[in-house]
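Data block below; observations after.
No value in this document is a laboratory result; all are computed from the given coordinates. These numbers come from a predicted model, not from an experiment. Positions of Cβ are backbone-derived with ideal geometry, glycine not excepted, and every protein chain shown enters the neighbour counts.
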Amino acid sequence: MNGEPAIRTRGLTRRFGRVTAVDRVDLEIPRQAIYGFLGPNGSGKSTTIRMLCGLLTPSAGEATVLGLEVPRDAEKLRRKLGYMTQRFSLYEDLTVRENLAFLAEIYSLRATAARARIEVLLDEFHLRELCEQRAGTLSGGQRQRLALAGATLHEPELLFLDEPTSAVDPQSRRDFWETLYDLVERGTTILVSTHFMDEAERCHGLAILDRGRVVASGAPDRLMREIAAAVVEIETEAPRAARLALERVAGVHGVAQVGARLRALVDPALADPAGKLAEALRDAHVDARAALTRASLEDVFVAATRHHAAEANRP
Amino acid sequence: MTRWRDSLLRIAAVARKELRHLRRDRLTGGMVAGVPLMMTLLFGYAINQDVRHLRAGVADLSGTQTSRWLVADAQATQVIDVVVAAHSVRELEQLLTAGEISVGIAIPADFESRRARAGRPSAQLLVDGGDPVVLAAVRGLVSLPIWKRVASRHIAASPPAFELRAYYNPERRSPVHIVPALCGVILTLTLVLFTAVAIVRERERGNLELLITTPVQTPELMVGKIAPYVAIGYAQMTLILVLGRVLFDVPIAGSVWTLYVGAGAFVAAALTLGLLISTVAQTQFQAFQMAFVSFLPQILLSGFMFPFDGMPAPARWLSEVLPLTHFLRIVRGIALRGATLADVSGEIRALLIFFSISFALALLRFRKRLD
């Protein structure tokens, strides 16, 4: 294992006509870890992954993947990369086994090695009972297992997963992440894109993308610790009235309801944010209690994208 | 060495996968055998350009030796079958009106004396003129030398200036002309369409996004995709030729193997045309449309529907670019005139040039990228 990062990009940019889908992205993704791209739809997650796979040519900037420059050396990378597309991209009219056998042939696995590898995958991904079933008849979770089995069949060093759990139930999602940790243990580097906070929290490192820009990056717990905002939790019987009152207070970036409580993101420059908010609520005759609390990843996300939006709107 | 081996194995993997798709897709699989079967029967039986065995009635009021010859000669042409003997011209007219017969031969009682007088026809043909094709066929009957000989002594004395002899298809039967050419039309129809859809389908279903991140190379993907259809093309052609032989007695004058060599070049050309369409079209629907747009001029201009020589020069130039034109010359040459490989080598060369250019264009168009 060398210390060189698995992926390094400098000013990576991709424009589609007048739209800039990915805007000057700098990344440094370490090996043998799960790195997450967190962002809403259209934030440039898939486009970045496609550029790193060599599927799209960057409009500007450079990217080095496993020490090779893309897209120039993309062909040399093929055997080292696994790619699980956002949409199921195996053949629906072929059976589970036929799909895996086809990939084994495409990756030039020798016949005996291929058979052995497929047997291992069938067990590892719980596909044995389904192996003669056509891929088109599988459920969301089963398809996802098959797709991951296909993407890891040739034991790639680097695995790209583009929103792998969008169509999957929570139990399957948990199992899926267990498998990912196993893969990392065996030396694989994984880059996964998601718009689920709980999934992002499981990553070793994280980049939050918004409108093509990386607006925050680092380990999830560090991001939560070092959030550029104070988080105040408000308990109240009248959440709607409380919210209206709080949104008028200067320095409050945003108020969101989470169950019976409200969470307010407040400018960190403001002294005693909980006291300020409690005062504002009293003035508005809303019965409520306010207290500082630990930031969640969602708070980090909201704070980071809000900051970026404010910057973008500045003339 | 292993690089070539791996490459061949990848081509085989793509080809095998393609055959699996075809086997799973019952409808498309059925088209492989169904289209040649349907088209051969349709063109062989129904779309018949020569008219034979028209139902005819005869009212022979003279009842002489010559009048019986006349009827026998007319029947010998096979254009008519005498099915009814009528007793009067009126009865013939009634049968004609009722649709019982299409042709009536009326021989008047004074047939012999009319024959003696020169310059006037001595017998009458009553025809259902509603169908111009029938009318044309019966007109041909009137101009038969046999008919004229019997009809008028004067003309009989001076034999016709020209005697028509038809080569290669003396009985002038349509299937002999149509069925070999049908090989070309059906191969164009199915093969261009199949391959036109092949790559677009992978793009539409999202398979391509995965496929292009694997080590499979563009030429391997293309060759692997068209290889199964070469075999399918040969199977279809064999089916058509066998059907033609069994049902319509269509001969193959030349060597079948020469025909298969020529067909190989044509199949390759048709498949790469489909492949080229596949790299241009964005959706399967577009691919279908483009395949049909390429199909129509081939049908109209290749000499399949209309004789090549009757076309204006620009149309002929255009048709020289179409693979079907060359294959029709090959297949008709070999099947009808017994042409040898040397006779058709120019046409084969034209097909190979077409193949090379469109394969190169398809390779250039298809990039292992999404942009």
Just rank B:E18, A:E28, A:E129, fewest to most, by other beta-carbon atoms within 10 angstrom. A:E129, A:E28, B:E18
Scan around A:S217 for amide H atoms under 5 Å from its own, H built in the peptide plane at 1.01 Å from N, and keep only partners 5 or more places away or cross-chain. A:I208
What FRET efficiency do you get for A:E129 and B:L41 if R0 is 30 Å and r is their Cβ-Cβ distance, rounded to the nearest 0.05? 0.05
Determine the calculated [θ] at 222 nm for the protein assembly as shown from helices alone, applying -39500 (n - 2.57) to every DSSP H run no shorter than 4 residues and normalising by the residue count; nearest 500 deg cm²/dmol. -16500 deg cm²/dmol
Mean-square fluctuation check for chain A, GNM, Cα pairs under 10 Å: which of A:F37, A:F160, A:F176 is largest? A:F176
In debye, nearest 20: dipole of the stretch A:170-315 around its Cα centre with unit charges on the Cβ of K, R (+) and D, E (-)? 340 debye
Which aspartates and glutamates have a Cα lying under 20 Å from the Cα of B:K225, excluding residues fewer than 8 positions away in the same chain? A:E92, A:D93, A:E98, A:E105, B:D6, B:E18, B:D25, B:E202, B:E204, B:E209
Give the cross-link partners of A:K80 among the aspartates and glutamates, using a straight C-alpha distance below 14 Å as the criterion and excluding same-chain residues fewer than 8 apart. A:E69, A:E155, A:E157
0 to 90° range, to nearest 10: angle between helix A:297-313 axis and chain A longest Cα axis: 80 degrees
Shielding of B:14-23 by other chains, given as the mean Cβ count within 10 Å, works out to 3
Using only Cα atoms and rounding to the nearest 10 degrees, what angle (0 to 90) does helix A:111-124 make with the longest principal axis of chain A? 30 degrees
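Could you list the trypsin sites (Lys or Arg not before Pro) in the stretch A:7-113 that lie in coil according to DSSP, counting only those with at most 13 other Cβ atoms within 10 Å of their Cβ?
A:R18, A:R72, A:R110
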How many angstrom lie between the Cα centre of the stretch B:206-258 and the Cα centre of the stretch A:1-80? 41 Å
With unit charges on the beta carbons (Lys and Arg positive, Asp and Glu negative) and the dipole taken about the Cα centre of the protein assembly as shown, which residue among A:L127, A:A200, A:V252 sits farthest to the positive side? A:L127
On Cα atoms only, tilt of A:273-283 relative to the major axis of chain A in degrees: 50 degrees
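Starting with the fewest neighbours, write out B:Y260, A:Y83 ranked by other beta-carbon atoms found within 10 Å of each beta-carbon. Numbers along the way, then the final one.
Working: B:Y260 15, A:Y83 27.
By the 10 Å Cβ count, ascending: B:Y260, A:Y83.
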Just checking the output field for B:203-210: average partner chain Cβ neighbours within 10 Å of each residue's Cβ? 6
